[in-house]
1. In degrees from 0 to 90, rounded to the nearest 10, what is the angle of the helix 368-388 Cα long axis to the longest principal axis of the chain?
2. With unit charges on the beta carbon (Lys/Arg positive, Asp/Glu negative), name the residue among 156, 93, 56 whose Cα is farthest towards the positive pole of the charge dipole of the stretch 11-164.
3. In Å², what does the accessible area per residue of the chain work out to with a 1.4 Å probe?
4. Using each residue's phi in the stretch 4-14, evaluate 6.51 cos²θ - 1.76 cosθ + 1.60 at θ = phi - 60° and report the 3J(HN,Hα) Karplus result to the nearest Hz, with x for Gly and Pro.
5. Can you list which of the trypsin sites (Lys or Arg not before Pro) found in the stretch 64-152 are DSSP loop residues with at most 11 other C-beta atoms within 10 Å?
6. Among bridges DSSP assigns within the chain, what percent are antiparallel (round to 5)?
7. Which residue, 195, 308, 319, has the largest displacement toward the positive end of the dipole of the chain when charges sit on each Cβ (Lys, Arg +1; Asp, Glu -1)?
8. Return the loop-located trypsin sites (Lys or Arg not before Pro) in the stretch 160-223 (DSSP other than H, G, I, E, B) with at most 13 other Cβ atoms within 10 Å of their own Cβ; answer none if there are none.
Amino acid sequence: MVAVDQNPLLRITWTDPVTGKNGYLVVQNLVAGLATGGTRMRAGCTLAEVEELARGMARKTAVFNLPVGGAKGGIDCDPRDPRARGVLTRFLQAMRPWAKEHWVTAEDLGTPQHLIDEVFSELGMHQSYYAAISRAPDVESTLRRIRAGLNAPVPGGLLLGDVVGGYGVAQCCLGAVHARRWDLERTTVAVQGMGTMGGSAAYYLHEAGMKVVAAADAAGTLYDPSGLDVPALLEARDRFGEVDRGQVPARVQQLPREAVVTADVDVLIPAAVSFAITPREAADVKARLLVEAANTPVTPEAEAVLAWRGIPVIPDFVANAGAAAWAWWLLLGRVDADPVRSFQVLKEEMQAKVPLLLAAWEEEGITPREAALRLAQQQVEHNRAAEEAGHELLSIP
């Protein structure tokens with residue numbers, strides 16, 4: 001077993017005294033006394049789900065050589081519930097000892113960054129990266145850098161902190177296209193999910209010249225073999241990532257939601273919910289490559305089916321790690337509020353890793369997941385040896 005996949009260091013189950021809603025914190029591992037992972041909110045969220053996500057965070061931080069362990073928060077509450085903000089506030093108040101000293105959290109499904117930051121500020125902790133920022137020699141300078149980076153504007157009218165995860169997914173796809181020497185403009189893509197991650201990935205792939213022909217939200221799949229007008233679709237979204245069908249051109253076919261999974265494309269990006277692709281769906285996938293933008297969107301059994309069919313899956317802890325990696329580069333001063341610099345670093349990192357995973361698939365016969373776990377294990381062993389030798393792993397300017 002890979003070190004980051006061992007039993008979690010900590011599991012906490014919390015019950016809201018006002019609504020009875022449950023919340024969970026799982027810390028998979030600590031590096032330099034810290035763990036990182038977002039706080040999600042959705043109806044039906046479970047401890048098992050949060051535990052799996054924390055394990056994924058530990059894998060991400062190891063693969064990208066970040067000086068921090070993995071964790072995750074989760075709340076079983078519909079974010080549209082008018083009581084949701086109160087539940088989030090009370091949950092973070094209860095988790096305050098960990099959020100203050102050890103747990104660096106951020107946005108996730110159902111909880112935008114600005115909301116998390118508002119609650120942290122109300123609790124006297126400035127911003128959701130507080131546990132790391134408080135270790136900086138100049139806290140105010142570091143806090144200014146973080147806020148400037150998260151709120152830096154990018155083309156399209158959005159903020160850098162909102163789109164950087166999807167940009168990383170796009171660069172993962174582009175790295176695979178280059179590694180396989182596919183014709184970029186002839187490569188077709190289907191995206192399941194038009195929220196922050198899926199929408200941003202679709203936008204940057206469209207900008208790069210790839211043809212996004214299918215995109216799905218909660219209302220169904222939009223399909224145009226000549227290519228969707230991705231920027232227009234994103235403009236027509238509501239805050240929950242659903243596209244207003246009244247603004248969709250007549251030439252665009254409106255298909256059932258599940259049609260996106262079986263679209264005849266080169267690349268399929270599941271960017272919606274966990275466990276969306278089971279063995280039943282995997283048997284009908286036509287894509288030549290899957291890139292996991294959501295957390296664990298492909299079940300292990302489905303991934304085995306896809307591998308047997310010769311379809312590689314770039315795992316989530318590589319493909320969607322861009323936001324987590326970028327946040328730590330921002331903390332460590334490797335990037336700042338300049339989007340050009342941030343995008344360049346993320347492009348270099350992602351496009352260096354993906355070809356290695358596909359080479360292992362083609363030359364050694366091991367899946368991209370196995371190859372990425374091998375990288376993670378090497379980094380965990382390196383960190384352990386460094387800590388045992390008394391070396392400083394975390395240095396925040």
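The values are calculated or read from the model by the stated rules, or taken from the named source; none is laboratory data. This is a predicted model, so every value here is computed, not measured. Cβ sites come from the backbone with ideal geometry, for glycine too, and all protein chains shown count toward neighbours. For accessibility, only protein heavy atoms count, side chains too; no ligands or nucleic acids. Shrake-Rupley method; radii C 1.70, N 1.55, O 1.52, S 1.80 Å.
1. 20
2. 56
3. Details: 16150 Å² over 397 residues.
Solvent-accessible surface per residue comes out at 41 Å².
4. Once rounded to whole Hz, the list reads 6, 9, 6, 4, x, 5, 8, 10, 10, 10, 10.
5. On the way: sites: 72, 80, 83, 85, 90, 100, 135, 144, 145, 147; in loops: 80, 83, 135.
In loop regions of the stretch 64-152 (DSSP not H, G, I, E or B), the sparsely surrounded trypsin sites (Lys or Arg not before Pro) are 80.
6. Details: 23 of 45 bridges.
Once the DSSP bridges in the chain are tallied, antiparallel ones form about 50 percent.
7. 195
8. In loop regions of the stretch 160-223 (DSSP not H, G, I, E or B), the sparsely surrounded trypsin sites (Lys or Arg not before Pro) are 181.
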